[in-house]
Amino acid sequence: MALLEVHDLEVNYGVIRAIKGISFEVNEGEIVTLIGANGAGKTTTMQSTVGLIPKKAGKVIFDGNDITKVPCHKIVHLGMTQVPEGRRIFQELTVYENLLMGAYSIKDKSGFKNDIESVYERFPRLAERRNQIAGTLSGGEQQMLAMGRAIMSHPKLLMLDEPSMGLSPLLVDQVFEIIKQINKDGTTVLLVEQNAGKSLAISDRAYVLENGEIVLSGTGKELSESEMVKKAYLGG
Amino acid sequence: MEVLEFILSVIVNGLSQGGIYAMIAIGYTMVYGIAKLLNFAHGDIIMVAAYTIIVTVNTSMPIGVSLPLSILLSIVICVLLGVAIEKVAYKPLRGASPLAVLITAIGVSYLLQSIAQIIFGTAPKMTAKLDLGAFKLFGVPVKFSAIITLVITVLVMVGLTMFVKKSRTGRAMVAVSEDRGAAQLMGINVNKIITITFIIGSALAALAGFCSIIEAPSVTSTFGSMPGIKAFTAAVIGGIGSIPGAMLGGIMLGIVECIANKIPVIAPYTDAIEFSILIIILLVKPTGFLGKKRREKV
Ligand SMILES: Nc1ncnc2c1ncn2[C@@H]1O[C@H](COP(=O)(O)OP(=O)(O)OP(=O)(O)O)[C@@H](O)[C@H]1O
Ligand SMILES: [Mg+2]
């Protein structure tokens, strides 16, 4: 049984049909990527899966539970966390307080010290800046913080919406390396990316989203060799 | 002597009037920051508190017993009323246009005033029991009511600041006011946080109602209107959405009001002066003193 199963998901914005009935799944331990161009519906898929925006139709099963109608804050308690598009860290709070917010859903506070130390180990930049107001961090540091904040809740499934957006090539490599590490340490990952090359390279499987529909799926390797993906997403 | 009296009275009366405005302004600003709505019925909660206290304190019990009980009762009633208003009037309108919410808020305000008129009539309700007297400080008379208000204000400000900074729920409030969607992604129940916000705002409005009637123990159905509007002004001056801003704006407005009232030539124009300050500040710094520009997100 897959960790996440999405069946025939449909999402509308008013009369606009943004997602037109897509199905995909993420198995335990995998890195799965949804690739697609601007406006394909990647963010919409991510946000409706986690319950942030309402679904018109379809079914979402997470870890054996039907979460189709469960509100977002409860889904997080079940072990699904998302690093949203644009990071959306809490600008007015410090780095430390942001990480504290990340652990909001954890009732047992006894592991908090360890958790925060392991985030600081993974992201040494955050350790140096723990008392800095998050809004004053650089873009790369904010991405690190958003990822650190997300893993503070011990997710079974970590969803990342375009984590490489706006970062320098060096930082992009670093972010993908960290995602690989987080996955190795036991967290399943669902990734949304426009950077198809790098994301397919670390993915077990991937789906291609176009105009709210899945047009292609396969292993990371298969897709990076597919003519269609090469043409549309890998620049030739 | 004249100068000393002036300064002392501005400090005591200005700060205590400012404290009342600040306590009301905090309710406006928290609800705006977290639920993104202007709760224009907030001022009328003060009126409900004042009626509750004036009705229940007029019993045969000694004031030392009946007054604390009345205050407690007024807080309970105002909190229940505030939560009920949120659930019945505002919650169904989440996601509706801001104009619809605003009109609803004004409607709730008139509804409360009309109910008060039906129950208590139009004549002011008064009591002599709540005149707490005065004492002399450096030969200047100071009302006990002003001192009580000052003490309550300081306790409220310190308590609330600690709560917001240090508690899990307080931090969740900051998170929701900054980015509701991201807050949900942390596992925060936004509806619960909004309810807590209305509870705190209504309790503070009840305290403000108490502080207002020991200052002038006469209540009508519009008792909360002017303080409500002034406190809203204070919240905007301080930067709507900001709790320290509401405190600062409230205290500032109280002091300005007190000084203006002391100078005979400009005393009749006190209200006009206060609202002019609002306009000037909005022109010079549209976000208020401590307010921030915010992007709105899903
Ligand atoms: N709040 C909204 N109201 C109306 N339409 C929207 C809204 N949000 C997204 N859309 C539309 O839905 C479609 C999918 O948008 P979505 O943000 O999911 O795309 P995306 O694949 O994440 O794009 P990008 O790579 O640019 O982030 C787009 O056509 C977009 O214009
Ligand atoms: Mg997107």
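The values are calculated or read from the model by the stated rules, or taken from the named source; none is laboratory data. Since the model is a prediction, treat every value here as computed from it, not as a measurement. Cβ: placed from backbone, ideal geometry, glycine included. Neighbour counts: every protein chain shown. These accessible areas exclude ligands, DNA and RNA; they are computed on the full protein's heavy atoms, side chains included. Shrake-Rupley method; radii C 1.70, N 1.55, O 1.52, S 1.80 Å.
So between B:PHE163 and B:PHE135, what do we pick up on full extension, going 0.36 nm a residue minus the alpha carbon distance? Mind dumping the intermediate values first?
Working: separation 28, 0.36 × 28 = 10.08 nm, distance 3.43 nm.
Once the chain is fully extended between B:PHE163 and B:PHE135, it gains 6.7 nm.
Compare the Cα positions of A:MET80, B:VAL256, B:VAL236 along the charge dipole of the protein assembly as shown (+1 at Cβ of Lys, Arg; -1 at Cβ of Asp, Glu; about the Cα centre) and return the one farthest towards the positive end.
Farthest towards the positive pole: B:VAL256.
For chain B, count the residues as N, evaluate 2.2 N^0.38 Å, and divide the Cα radius of gyration by that value, please. Walk me through the intermediate numbers first.
Values: Rg = 19.1 Å, N = 298, 2.2 N^0.38 = 19.2 Å.
My calculation over the Cα atoms of chain B gives 1.00.
Using a 1.4 Å probe, how large is the accessible area of B:CYS258, given in Å² and rounded to the nearest 10?
20
How big is Rg to Rh over region B:145-298, alpha-carbon atoms, Rh as the Kirkwood inverse-mean-distance radius?
On the way: Rg = 17.4 Å, Rh = 17.3 Å.
So for region B:145-298, dividing Rg by the Kirkwood Rh gives 1.01.
Of B:ASP271, A:ASP161, A:ASP185, which has the most accessible area with a 1.4 Å probe, and how do the rest follow in descending order?
Numbers: B:ASP271 60, A:ASP161 5, A:ASP185 100 Å².
The ordering from most to least exposed comes out as A:ASP185, B:ASP271, A:ASP161.
Can you sort A:PHE176, B:PHE275 by solvent-accessible area, 1.4 Å probe, largest first? Please list the in-between numbers first.
Details: A:PHE176 10, B:PHE275 55 Å².
If we order A:PHE176, B:PHE275 from most to least accessible, we get B:PHE275, A:PHE176.
Rounding to the nearest 20 debye, state how big the charge dipole of chain A is about its Cα centre with +1 on each Lys and Arg Cβ and -1 on each Asp and Glu Cβ.
Values: 26 positive and 29 negative charges, 95 e Å.
Roughly 460 debye, rounded to the nearest 20.
Could you give the distance between the Cα centres of region B:115-139 and region A:88-140, to the whole Å?
52
Please get the size of the charge dipole for chain B, origin at its Cα centre, with Cβ charges of +1 on Lys and Arg and -1 on Asp and Glu, quoted in debye to the nearest 20.
Numbers: 22 positive and 12 negative charges, 232 e Å.
Using only the charged Cβ atoms, the result is roughly 1120 debye.
What's the angle, to the nearest 10 degrees (0 to 90), between helix B:168-178's Cα axis and the longest principal axis of chain B?
It is inclined by approximately 70 degrees.
Helix-derived [θ] at 222 nm for chain B: sum -39500 (n - 2.57) over DSSP H runs of at least 4, divide by residue count, nearest 500? If you can, show how the numbers build up before the last one.
On the way: 12 runs with 206 residues, N = 298.
When only DSSP H runs of four or more count, the value is -23000 deg cm²/dmol.
Taking each residue in B:186-193, count the Cβ atoms of any other chain within 10 Å of its Cβ, then average. What number comes out?
Across B:186-193, the average partner-chain Cβ count within 10 Å equals 6.
For B:ILE115, what accessible surface area do you get with a 1.4 Å probe? Give it in Å², rounded to 10.
80
How many partner chain Cβ atoms sit within 10 Å of a residue's Cβ in peptide B:175-184, on average, as a whole number?
Numbers: counts 8, 1, 2, 7, 7, 1, 8, 13, 6, 10.
Neighbouring Cβ atoms belonging to other protein chains average 6 per residue here.
Tell me, what does the Kirkwood hydrodynamic radius of region A:80-236 come to in angstroms if you use every pair of distinct C-alpha atoms?
Details: mean 1/r = 0.0609 Å⁻¹.
Computed over region A:80-236, the radius equals 16.4 Å.
Could you give the size of the charge dipole of region B:171-298 about its Cα centre, using +1 on the Cβ of each K and R and -1 on the Cβ of each D and E, expressed in debye and rounded to the nearest 20? Don't jump to the answer; show the numbers that get you there.
Numbers: 11 positive and 7 negative charges, 114 e Å.
Dipole size: approximately 540 debye.
Can you count the Lys pairs in region B:2-284 whose Cα atoms are under 24 Å apart, with each pair 8 or more apart or on different chains?
Counting lysine pairs in region B:2-284 gives 17.
Quick one: accessible surface of A:LYS198, probe radius 1.4 Å, all protein chains present, in square angstrom to the nearest 10.
80
Let me understand region A:59-116 better: what is its radius of gyration from the alpha carbons, and its Dmax, in angstrom?
Spelled out, the Cα radius of gyration and Dmax of region A:59-116 are 13.6, 38 Å.
Taking the Cα centre of each part, how many Å lie between region A:47-78 and region A:220-236?
With region A:47-78 and region A:220-236 each reduced to a Cα centre, they are spaced 31 Å.
Average the reciprocal distances over every distinct pair of alpha-carbons in the protein assembly as shown, invert the result, and give the Kirkwood radius in Å. Display every interim value, and only then the final one.
Details: mean 1/r = 0.0386 Å⁻¹.
Mean inverse Cα-Cα distance, inverted, gives 25.9 Å.
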